[in-house]
Structure formats: C-alpha cells, structure tokens
Number of protein chains: 2
Amino acid sequence: MNYPPRPVEATPLAHDRVYRHLRSRIMHGDLPPGQSLTLRGIGREYEVSMTPAREAVRRLVAEGALTMSSSGRITTPELSNERIEELAALRALIEVELASRALPRAHMALIDRLQAINGTIAEAVTHRDAVRYIRTNLEFHRTLYLRAQAPAMLAMAETVWLQMGPTMRALYGRLRRTEPPQFHRLIIAALKAGDEPGLRLAVRSDVTQGLRMLAS
Amino acid sequence: MNYPPRPVEATPLAHDRVYRHLRSRIMHGDLPPGQSLTLRGIGREYEVSMTPAREAVRRLVAEGALTMSSSGRITTPELSNERIEELAALRALIEVELASRALPRAHMALIDRLQAINGTIAEAVTHRDAVRYIRTNLEFHRTLYLRAQAPAMLAMAETVWLQMGPTMRALYGRLRRTEPPQFHRLIIAALKAGDEPGLRLAVRSDVTQGLRMLAS
DNA sequence: TGAAAGCAGCTGTGATCACAAAAGGGCATG
DNA sequence: CATGCCCTTTTGTGATCACAGCTGCTTTCA
C-alpha cells in the first residue's frame, strides 16, 4: 500500500525508481490495455538489471496495476465491464467518504487551487490530450482528498485509479468531448456552500460518469 | 491485488508458496505487531533462496501487510490509533456494500453455513484462542461476501484485513470476552428477513466493534 | 494451398555472489 | 555506574548466470 503523502525519501534505489515511474505511466493512461512488458525490456529502458525490474513489476502486480499470465507474461490489465462497474462503485464509496472528510477542512486557498486545476483540465480537453486529461483530473481529486487527512483511504483510492489507468485511456480516447467536466464545478460549488449532501452527490456523479460513457 | 476466488492454480512456484503462507499467518494474527523478519530467515524457513523470499516480502509490503524501514528492515506494522480508525472506516464502507450486494443471493444453504461458522467462533472464544477466533471470524465475513460476486471489492476488504492482522491479534488477546459475537446473530437475522437496512447496520456495527475495545 | 511439425529466440524463475550500510555487542573511558 | 566508541555480524540490494517453458516463425509435407 502506498501511503501518500510520501516523505522526502532521498532513495535513489533502483527498484523504487523503476516502480514509481512505471506506476505513474500506468495510472495516467500512458499504456493501453493489454500492452505487454518484459523484465529485460524494462531493465534496458531504465538501465538496471532484471532484479530491480522484477521487484517493481511484482509490486505493481500486487496492486493490480499489471497482470501476470499463468506462464508469467506481464501485461497491462484488460478489464471486463463487470470489473469496471465494480471499480467505479469502489471509487464512489471511497471518494465520497474522502470528500466528506475533506469538507470541513476545505478553505478558500484549496478551492482556488481546485479551480486552477479545473482550468488545466479544460485545456487538455480542447487539445484532445487523453493522458494530460487523466493526469490533471486525478490531480483535482487528489488535491481535494489530501485534505481529508486519511492516508489509508487515499491509498485505496489511488490503487483503484491505478487499476483503471489503461482502461481510462482507452475510454477517454474514444470519447468525443469538448467541454470540461461539469461535475467538478458542482463539487467546487458544494465546497463553497459547505453543502455535504450536495458534495457527496457531485463526487459520486463525477466518478461514475465514465460508466455512462461505457454503456453508450 | 488478490482477486479471490482464485483458480485452481497448480503453481508450486516458490515465491508464491512463501507469499501465501506468510499472508495467511499475518492476516490471522499469527505474528504480533512490530515482529521483525529477515529475507535469509524466511528463506531458511521455507527452504528457498533469498530471491523468492524477497519477492514474497515485496508483495506483502505493497499490500500493507508488512512495513519496510528506510534501511529496508522488514517488520509487521504497528498501527497508530488514527490508522486503525481509518481502516475500520474502510471496512465499514466496503463490507456494508458487499453485504448489501450479497443479500439478494443469500439462500438458506448460505445462512446454514454462516450459523455453523458462528458455532466454531463460539468455541474459539471459550478457548481464548485468538488466532482461531480471527480466522473463523474472517471466514464468516468472507463466506457472506463471496455471494456478492464482486472480486475487486472483496480483494480490497481482504487487503484491509491483512493490514489489521497483527493489531487484531494484540487487541483480541487483550480482550476478556466469553460470549460469541452478538452482531453476527443480527447479520444472520437480517439475512433471513431480507432486511437490507438492518443488514447494513449489523455489518457496520460488527466491523467497528473493535474500535470500542480500543477506546476503552 | 493448407496445416502441422520443428526450431531458434525470448521470457520468467531461482540460486549465488559481492558489496555497502546498518545493527548489536563488547570494551574502554569518563 | 553510565556513556560513547569500535568492530564484528547481519541485513537488504543489485548483478549475473543456468535453466525450463513458452512463443512465434519458418520449413516441410500432404
């Protein structure tokens, strides 16, 4: 479990560096579903031997970010619709709780930052940049949830994001959209008003909207 | 992420065998919080080299079942009270949802099995057997949640159990109790009656009761 | 033209080793 | 008697290697 906010960690350890970089790429949709990876390939890319590559992969497999076939082949996961629905339900459960816990601590400075991030998301949308869209969208959520002061819950939410990463890329790539996320504005409005039921509904709507895309 | 129900898996792979056995010991409270482990020690115990031991440990660390210090020393986690509260809240969130999804599929055969398991729990309580108590208690919950047909959610719940394993042992070991869990009977009653609100309340009460022990 | 057989390359697994850093214990000193 | 220092042992890390199994392509035969 990765408990963010991580300490400063002056660890130039090879396996950790590989792990972090791969994790970021997967979470943000850099890799499509079903993409295959090899230990030697990863080692070559990061200029390390197989050992740290193996440890990084093992860790990512444990978090559901990568899949290993019975013969040990490594690929990014291809999620079934049932699995996607389940992960979205988990997002709704956990993130609604995180938002609710963040609400009493959300001051104006946080709301300003959220609005700024929302602006960046709008840019990504107009540029049809899926990776940047996913990255800034998650940054929006993470920024809010960090205020909840619940690292174990945030870690769980991030694990779900990680599992959905490659699929999100495929989904958003297929999407024709020109407007920034409407529910983010509802989230910000509810935060300003201190409206907890409204916040819960807005977060739930936002994290499950991908499902509607999928169904259509 | 470990998606139970696992396939038959005829994998005698060393690292997997070590992982599974260690995982079971940790989840069921075989190890106290703060217990230190070494790769060479694990390798000796399971008659393997350091490599599979390292992979198993890496996987368990990723799931929060073990902690690594900055220098790489391996111990079972010692949870702060805030972390325990958070994990209990996660259990409540996820397990209430799992129970709710299992309710429409819970037939009499399942309820009979749950009652049988409850009998075993009562035995463990009278014998003051903490490990057996934890094991059968989790078996009760897992048996119910398997009916929810939501492997990703169940995996999340198990990850939380895993993180709480050593602490649960310490808590229940400190507990003076002679009666079987009252909330399990409420869960069974709600299942029989098809009473969803009652089931949600009973599950929430059951998974957060450890907190009241902690506070007292 | 088609499928099946065989082969060469590649992939993950696990063992072993060298190495640096940390831990623990024993000793000497204040 | 307590405290700080040093040395020995133990620890995790990463590289390398042998090996078995799988993949995928080429070749061959019907």
If B:ALA56 passes every condition in (1) within 18 Å of the chain's Cα centre (by Cα); (2) hydrophobic (A, V, I, L, M, F, W, C); (3) within 16 Å of DNA strand D (Cβ to nearest atom) but one, which one does it miss? (1)
Let me spell it out: the conditions are (1) in contact (Cβ under 8 Å) with a residue 60 or more places away in the chain; (2) within 16 Å of DNA strand C (Cβ to nearest atom); (3) over 18 Å from the mean Cα position of the chain (by Cα), and A:SER100 meets all of them except one. Which number is the exception? (2)
Filter region A:58-70 for residues that are at the interface with another protein chain (Cβ under 10 Å from one of its Cβ atoms) and in contact (Cβ under 8 Å) with a residue 12 or more places away in the chain; which is nearest to DNA strand C (Cβ to nearest atom)? A:VAL61
Members of region B:23-46 that are within 16 Å of DNA strand D (Cβ to nearest atom) and of a type in the set (Asp, Glu): B:GLU45
Condition (residue is part of a helix (DSSP H, G or I) and surrounded by fewer than 17 Cβ atoms within 10 Å (Cβ to Cβ)) applied to region A:50-59: is it met by at least one residue? yes
Please determine whether any residue of region B:80-88 is in contact with a helix residue (DSSP H, G or I) (Cβ under 9 Å, 6 or more places away or on another chain) and within 16 Å of DNA strand C (Cβ to nearest atom). no
Taking region B:24-52, which residues are more than 8 Å from DNA strand C (Cβ to nearest atom) and among the hydrophobic types (A, V, I, L, M, F, W, C)? B:ILE26, B:MET27, B:LEU31, B:LEU37, B:LEU39, B:ILE42
Looking only at helices (runs of 4 or more DSSP H) that fall completely inside region A:80-166, which ones have 3 or more residues that are on the phi < 0 side of the Ramachandran plot and facing chain B (nearest Cβ under 9 Å)? A:81-102
Taking the stated definitions as given, is B:ALA155 touching a Lys or Arg at 6+ places or on another chain (Cβ under 6 Å) and touching a residue at least 24 places away in the same chain (Cβ under 8 Å)? no
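On the given criteria, is A:ARG44 out of contact with any Ser or Thr (no Cβ under 7 Å at 6 or more places or on another chain), farther than 22 Å from A:THR136 by Cα and away from chain B (no Cβ under 14 Å)?
Yes; evaluated as a whole, the condition is true for this residue.
Any residue in region B:25-41 that is basic (Lys, Arg) and under 25 Å from A:ALA155 (Cβ atoms)?
First, the residues of region B:25-41 that are basic (Lys, Arg): B:25, B:40.
Restricting the remaining residues to those that are under 25 Å from A:ALA155 (Cβ atoms) gives B:25.
Looking for residues that are basic (Lys, Arg) and under 25 Å from A:ALA155 (Cβ atoms), one finds at least one in region B:25-41, hence yes.
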Could you list, in sequence order, the residues of region A:69-103 that are surrounded by fewer than 19 Cβ atoms within 10 Å (Cβ to Cβ) and in contact with a strand residue (DSSP E or B) (Cβ under 6 Å, 6 or more places away or on another chain)? A:THR75
Please enumerate the residues belonging to region B:2-24 that are modelled with pLDDT of 55 or more and either aliphatic (A, V, I, L, M) or touching a Leu at 6+ places or on another chain (Cβ under 6 Å) (or both). B:LEU13, B:ALA14, B:VAL18, B:LEU22
Within region B:175-214, work out how many residues are at pLDDT below 80, surrounded by 15 or more Cβ atoms within 10 Å (Cβ to Cβ) and out of contact with any helix residue (DSSP H, G or I) (no Cβ under 7 Å at 6 or more places or on another chain). 0
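Among the listed residues B:ALA148, B:ALA124, B:ALA116, identify the single one that is of a type in the set (Gly, Ala, Ser), closer than 17 Å to B:ASP206 by Cβ and surrounded by fewer than 21 Cβ atoms within 10 Å (Cβ to Cβ). Steps first, please.
Working: B:ALA148 fails: surrounded by fewer than 21 Cβ atoms within 10 Å (Cβ to Cβ); B:ALA116 fails: closer than 17 Å to B:ASP206 by Cβ.
Answer to the selection: B:ALA124.
The values are calculated or read from the model by the stated rules, or taken from the named source; none is laboratory data. The structure displayed is predicted, hence computed values, not measured ones. Glycine also receives a Cβ, built like all others from the backbone with ideal geometry; neighbour counts cover every protein chain displayed.
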